[in-house]
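The values are calculated or read from the model by the stated rules, or taken from the named source; none is laboratory data. Keep in mind that this is a model prediction, so the values were computed, not measured. SASA here: full protein model, heavy atoms, side chains in, ligands and nucleic acids out. Shrake-Rupley method; radii C 1.70, N 1.55, O 1.52, S 1.80 Å.
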Amino acid sequence: MRPAFSVLFLTTLIGAGQGLFIAMFFVELFAADSVSPAFFVGGSLLVLALCGLGLIASFFHLGHPE
């Protein structure tokens, strides 16, 4: 099985974004007082960037559903 590169990028980027989101959720849940808000802002922007790039990668797969 040889998946298309767009599928590899899609699953990797979206998985990384979701994993980072879940990790940040648990950091906020258990250590909210000792973490600066800049950490959450930067992490949220990174989550949006990773998921957005994964979404863009999914568009390249739409025309070639091998």
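Full extension of the segment from Gln18 to Leu45, taken as 0.36 nm per residue of separation minus the current Cα-Cα distance, would add 8.5 nm.
So what is the relative contact order for the chain, in percent, with contacts set as C-alpha pairs under 8 Å and at least six apart? Relative contact order of the chain: 58 percent.
Compared with the direct C-alpha span, the chain from Leu8 to Leu62 gains 18.1 nm at full extension, assuming 0.36 nm per residue. Once the Cα atoms are used to define both axes, helix 5-30 deviates from the longest principal axis of the chain by about 10 degrees. Counting only protein heavy atoms and using a 1.4 Å probe, the accessible area of Ile56 comes to about 90 Å². In vacuo Debye scattering of the chain, one point per C-alpha: log10 I(q)/I(0) at q = 0.17, 0.22 Å⁻¹? Once normalised to I(0) and log-transformed, intensities are -0.63, -0.84.
Ligands, DNA and RNA left out, the accessible area of the chain computed with a 1.4 Å probe is 77% carbon and sulfur.
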